[in-house]
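What follows is one structure encoded as structure tokens, with my remarks underneath.
Quick note: the coordinates plus some simple rules give every number you see, no bench work behind them. All figures in this text were calculated on a predicted structure; none of them were measured in a lab. Methodologically, a virtual Cβ is constructed for each residue, glycine included, from the backbone with ideal geometry; neighbour enumeration extends over all protein chains shown.
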Protein chains: 2
Amino acid sequence: MSDTEWLDGDERRAWRGYVAMSEMLEARLGQDLRRAGLSSADYTVLVLLSEAPERRLGLGELGAEAQWSKSRVSHQVRRMQERGLVERTGDADDPRRARAVLTGRGAEALRAAAPLHVAGVRRYFLDHLTREQQAQLVEIARSVLPHLGPAPLPPELREGRGGEEA
Amino acid sequence: MSDTEWLDGDERRAWRGYVAMSEMLEARLGQDLRRAGLSSADYTVLVLLSEAPERRLGLGELGAEAQWSKSRVSHQVRRMQERGLVERTGDADDPRRARAVLTGRGAEALRAAAPLHVAGVRRYFLDHLTREQQAQLVEIARSVLPHLGPAPLPPELREGRGGEEA
DNA sequence: ATGCCGAGGTTGACGTGTCAACCATGACCT
DNA sequence: AGGTCATGGTTGACACGTCAACCTCGGCAT
């Protein structure tokens with residue numbers, strides 16, 4: 001708990017290094033996806049839907065998993081619907097609730113983009129880290145995430161193991 | 001160098017953890033800045049200009065330091081100019097070149113926002129990491145950045161020390 | 001039944017970023 | 001001089017995300 005108003009040398013290195021890395025990573029991966037015709041947000045939605053039971057999710061749940069505002073979810077789903085990547089259906093029980101369903105076209109787009117995206121994640125990132133560094137990163141995320149909001153830890157990071165090698 | 005098409009358990013944990021953390025961090029810090037009347041991009045430009053000799057920078061150099069496209073730089077500087085945060089001057093030598101100069105209003109905005117932003121960086125991030133984890137992060141950034149583009153490492157990360165404690 | 005409130009979503013306006021096309025100037029060659 | 005090319009920047013159209021205002025319906029108290 002440093003008390004200065006500015007970052008000292010070590011903190012500064014850590015912070016600027018992290019920022020430079022994360023901005024570049026996002027830029028590269030976003031580029032690749034865009035070339036495949038999808039935005040990062042599109043990709044996220046497609047993945048979440050494809051992992052959901054019946055490939056369908058209420059807009060609320062979608063927003064909760066992605067940590068998005070309801071407005072963002074609404075716009076995103078509308079745009080994807082206009083492109084035929086998802087469909088919308090009402091909920092039988094509660095007419096207020098809306099749900100998004102993965103379409104064939106959406107599933108296809110995901111199948112096409114996923115291997116490229118995964119390759120990018122490796123090529124730009126994971127391939128350059130040792131297993132130990134990957135474990136350190138998990139610990140870092142676990143340390144930081146609880147202080148970033150009401151969101152529960154993503155399933156991958158929940159409880160159990162500390163940081164150990166493969 | 002794994003050869004599968006998908007991420008295995010450890011890789012997946014590392015990647016999803018990292019993504020969750022970086023998205024939340026950006027969201028929180030962006031929120032705070034926006035409440036102070038600045039976007040993250042505004043803040044970046046103000047910092048770069050304030051650190052530059054004579055508080056002035058050619059648009060090209062600005063773009064190089066921030067790793068932005070020239071189009072992005074152009075739009076960004078125009079908008080900041082319209083709000084009085086920067087001014088533009090031509091270059092005496094080469095009429096093609098344009099330069100941005102920090103205005104009084106810009107310097108003021110930065111003075112007002114910086115402590116809040118720094119506090120956020122600590123509160124959301126650095127305070128929850130040990131010095132050792134900060135050092136690990138620096139090493140990770142140094143491992144990854146060279147593979148993300150033509151950009152030279154930011155000055156903070158250049159050569160010399162490995163990862164050691166404070 | 002009436003009235004209020006909260007949950008779930010939508011909408012419109014606006015700021016930001018990307019891409020592609022474009023313009024102007026300097027440098028170099030012949 | 002004239003042509004070609006690279007450099008540095010601008011512009012317009014469009015996709016994305018935020019905010020604030022709004023709408024609709026269900027639940028509940030009185």
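Here are a few things to note about the model shown:
- When the Cα positions of B:Ser39, B:Met21, B:Thr130 are compared along the charge dipole of region B:1-149, B:Ser39 comes out farthest toward the positive end, with charges on each C-beta of Lys, Arg, Asp and Glu.
- Dipole magnitude of chain B, debye to nearest 20 (Cβ charges: Lys/Arg +1, Asp/Glu -1, about Cα centre): 900 debye
- Taking amide H as placed 1.01 Å from N in the peptide plane, the amide H of B:Ala98 sits under 5 Å from that of B:Leu59, B:Gly60, each at least 5 places away or on another chain.
- 7 Å along Cα→Cβ, label-point gaps from B:Val101 to other copies, nm, shortest first: 6.3
- Ellipticity at 222 nm from helices only: DSSP H runs of n ≥ 4 in chain B, each -39500 (n - 2.57), divided by the residue count, give -19000 deg cm²/dmol.
- Among the trypsin sites (Lys or Arg not before Pro) in region A:29-105, those placed in a DSSP loop whose Cβ has at most 16 other Cβ atoms within 10 Å are A:Arg83, A:Arg96, A:Arg97.
- Estimated distance in nm for a label pair at A:Glu61 and B:Arg105, the labels positioned 7 Å out from Cα along Cα-to-Cβ: 5.0 nm
- Angle between chain B longest axis and helix B:131-144 axis [Cα atoms, degrees, rounded to 10]: 80 degrees
- Peptides B:108-117, A:10-19 ordered by average Cβ neighbours within 10 Å, highest first: A:10-19, B:108-117
- Using the Cβ-Cβ distance between B:His147 and B:Arg78 with R0 set to 22 Å, the FRET efficiency from 1/(1 + (r/R0)^6) comes to roughly 0.10.
- Cβ-vector label at 7 Å, B:Thr130, separations to other copies in nm: 1.7
- The per residue volume of the convex hull around the alpha-carbon atoms of region A:10-152 is 140 Å³.
- Count Lys and Arg as plus one, Asp and Glu as minus one, and take only other residues whose Cβ is under 14 Å from that of A:Ser71; the net charge is then +4.
- Within a Gaussian network of chain B (alpha carbon springs, distance under 10 Å), most fluctuating of B:Glu23, B:Glu156, B:Glu54: B:Glu156
- 0 to 90° range, to nearest 10: angle between helix B:40-51 axis and chain B longest Cα axis: 70 degrees
- A Förster radius of 45 Å, combined with the Cβ-Cβ distance separating B:Asp94 from B:Ser40, puts the computed FRET efficiency at roughly 0.90.
- Antiparallel DSSP beta bridges within region A:1-102, as percent of all bridges there, nearest 5: 100 percent
- Over the protein assembly as shown: Rg over Rh, Cα atoms, Kirkwood Rh: 0.98
- Note on B:Ser69 and A:Val47: with the Förster distance fixed at 30 Å, the Cβ-Cβ geometry gives a FRET efficiency of about 0.65.
- On Cα atoms only, tilt of A:9-35 relative to the major axis of chain A in degrees: 30 degrees
- Look at the stretch B:66-74: the mean tally of other chain Cβ atoms within 10 Å of its residues' Cβ atoms is 1.
- Relative contact order %, chain A, counting alpha carbon pairs below 8 Å whose residues are six or more apart: 19 percent
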